[in-house]
Amino acid sequence: MTASRANPQPPHPSDTAAPAASRAIAPPLRRRMACWLYEGMLMFGVVFIAGYLFGTLTQTRHGLDNRHALQAFLFVVFGIYFVWFWSQGHTLAMKTWHIRVEDRQGRPLSQPRALLRYLLCWLWFLPPLAVIAPFQLSAGEATVIVAGWVAVWALLSRFHPQRQFWHDALAGTRLVHYEVPPRRKG
């Protein structure tokens with residue numbers, strides 16, 4: 001037996017990058033959208049805590065007082081939340097649905113890339129909100145238009161070669177399915 005067989009060397013990371021990248025499979029659209037909805041439900045807790053903190057710090061007595069400052073504060077809080085979790089690989093909702101976010105080479109996101117992804121994620125909401133803003137539509141009408149845009153934006157992923165959302169393609173990121181390692185009995 002030779003020494004190389006007795007003590008096999010672990011593969012160099014560059015040797016395993018290509019197979020890992022080729023095995024990366026985008027989760028089905030249905031699962032990604034279920035994760036998206038679950039993330040939205042979890043964000044209610046973040047909004048509640050951030051809103052309470054903002055209201056306490058600014059001594060806001062009415063919900064419409066400081067509305068634009070609250071929106072800016074929530075934008076920053078959401079940014080911190082998503083950038084931190086995405087640079088770790090996933091949010092709680094993504095972990096629940098076995099979805100991981102990574103760069104095109106299969107590496108965890110850097111914080112600048114996670115920030116770029118966060119800014120580009122606003123493509124889910126800003127285009128329809130910008131279009132309907134001058135029309136003073138009712139909340140119900142605005143909700144239908146935004147929901148329609150979200151459905152269109154999600155379905156556009158079908159036209160991407162790897163079935164990724166277009167904001168991920170623009171950010172140089174991708175969503176991939178990952179398997180949870182089995183628990184050891186012990």
**Message:** Any residue at all in region 146-164 that's in contact with a Ser or Thr (Cβ under 8 Å, 6 or more places away or on another chain), surrounded by 15 or more Cβ atoms within 10 Å (Cβ to Cβ) and either hydroxyl-bearing (Ser, Thr, Tyr) or part of a loop (DSSP other than H, G, I, E, B) (or both)?
**Reply:** yes
**Request:** Taking only region 111-143 into account, find how many residues are surrounded by 13 or more Cβ atoms within 10 Å (Cβ to Cβ) and among the small types (Gly, Ala, Ser).
**Result:** 2
**Asked** List the pairs whose first member sits in region 149-168 and is farther than 17 Å from LEU116 by Cβ and in contact (Cβ under 8 Å) with a residue 60 or more places away in the chain, whose second member is crowded, with 19+ Cβ neighbours inside 10 Å and of a type in the set (Val, Ile, Thr), and whose Cβ atoms are under 9 Å apart, counting only residues at least 6 apart or on separate chains?
**Response** none
**Asked** Can you tell me which residues in region 75-113 are within 22 Å of LEU156 (Cβ to Cβ) and in a helix (DSSP H, G or I)?
**Response** PHE82, TRP86, ALA93, MET94, ARG113
**Message:** When you scan region 46-66, do you find a residue that is charged (D, E, K, R) and at pLDDT 95 or above, even just one?
**Reply:** no
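The values are calculated or read from the model by the stated rules, or taken from the named source; none is laboratory data. Remember, predicted model here, so these are calculated numbers, not experimental data. Cβ: placed from backbone, ideal geometry, glycine included. Neighbour counts: every protein chain shown.
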